[in-house]
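The values are calculated or read from the model by the stated rules, or taken from the named source; none is laboratory data. Just so it is clear, the structure is predicted and the values come from calculations on it, not from any experiment. A quick note on method: Cβ atoms are made from the backbone with ideal geometry, for glycine too, and the neighbour counts reach across all protein chains shown.
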Amino acid sequence: MFGVFLALLTSANPVIELWFRSLDFRMPSGHFDPIRAVFWIFILLVTWPLLHIPSRLKKPNPPAQPIPTVATGGASAFFAGPAIVRSLLLLNALFAVQSALDLTFLWAGAQLPAGMTYADYATGAPIR
């Protein structure tokens, strides 16, 4: 779901769209950038705890009296409390990036990418 929301936000924000367009997913021929590798390992280490909660954090003791629950079908694990918390954390991080971009370009007066006007940025128009 985060990927879908990221795709929607990318289509609405021309700066993020420009960043994604500038990514080159082809293997470079014989070129390895160790700084880039360290960066992506750092990103993985920061985001992995948000995506994976180890079983040792779960409560080992069940309650003494069973709590009656409503049958929810097979979707209960998908919409369990920890999954919702992780989703909210990731979406709030995405909104923080968008808010930081807005503050940087619209309020702090940072230079927009070449060929982009403030109207293009505000409306999400593609870069010419």
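Scan the stretch 18-35 and give yes if some residue there is of a type in the set (Val, Ile, Thr), at pLDDT 75 or above and surrounded by 12 or more Cβ atoms within 10 Å (Cβ to Cβ), otherwise no.
Within the stretch 18-35, the first condition is being of a type in the set (Val, Ile, Thr), and the residues that meet it are 35.
Of the ones still in play, those that are also at pLDDT 75 or above are 35.
Still in the running and surrounded by 12 or more Cβ atoms within 10 Å (Cβ to Cβ): none.
No: the stretch 18-35 contains no residue that is of a type in the set (Val, Ile, Thr), at pLDDT 75 or above and surrounded by 12 or more Cβ atoms within 10 Å (Cβ to Cβ).
Can you say whether ALA114 is hydrophobic (A, V, I, L, M, F, W, C), outside any helix (DSSP H, G or I) and surrounded by fewer than 10 Cβ atoms within 10 Å (Cβ to Cβ), as far as the supplied structure shows?
Values: hydrophobic (A, V, I, L, M, F, W, C): yes; outside any helix (DSSP H, G or I): yes; surrounded by fewer than 10 Cβ atoms within 10 Å (Cβ to Cβ): yes.
Answer is yes for this residue.
Going residue by residue through the stretch 39-51, is there one that turns out to be in a helix (DSSP H, G or I), at pLDDT 80 or above, over 21 Å from ALA96 (Cα atoms) and out of contact with any Asp or Glu (no Cβ under 8 Å at 6 or more places or on another chain)? Checked against the condition, which is being in a helix (DSSP H, G or I), at pLDDT 80 or above, over 21 Å from ALA96 (Cα atoms) and out of contact with any Asp or Glu (no Cβ under 8 Å at 6 or more places or on another chain), the stretch 39-51 yields at least one hit. Close contacts from the stretch 36-55, counting a first residue that is farther than 19 Å from ALA83 by Cβ and a second that is hydrophobic (A, V, I, L, M, F, W, C) and at pLDDT 75 or above, with Cβ to Cβ under 6 Å and a gap of 6+ residues or different chains, come to none at all. Contact annotation: residue pairs with Cβ atoms under 6 Å, 6 or more positions apart or on different chains, pairing a residue in the stretch 78-92 that is surrounded by 11 or more Cβ atoms within 10 Å (Cβ to Cβ) with a partner that is in a helix (DSSP H, G or I) and modelled with pLDDT under 85, are ARG86/LEU50; LEU89/LEU50; LEU90/PHE2.
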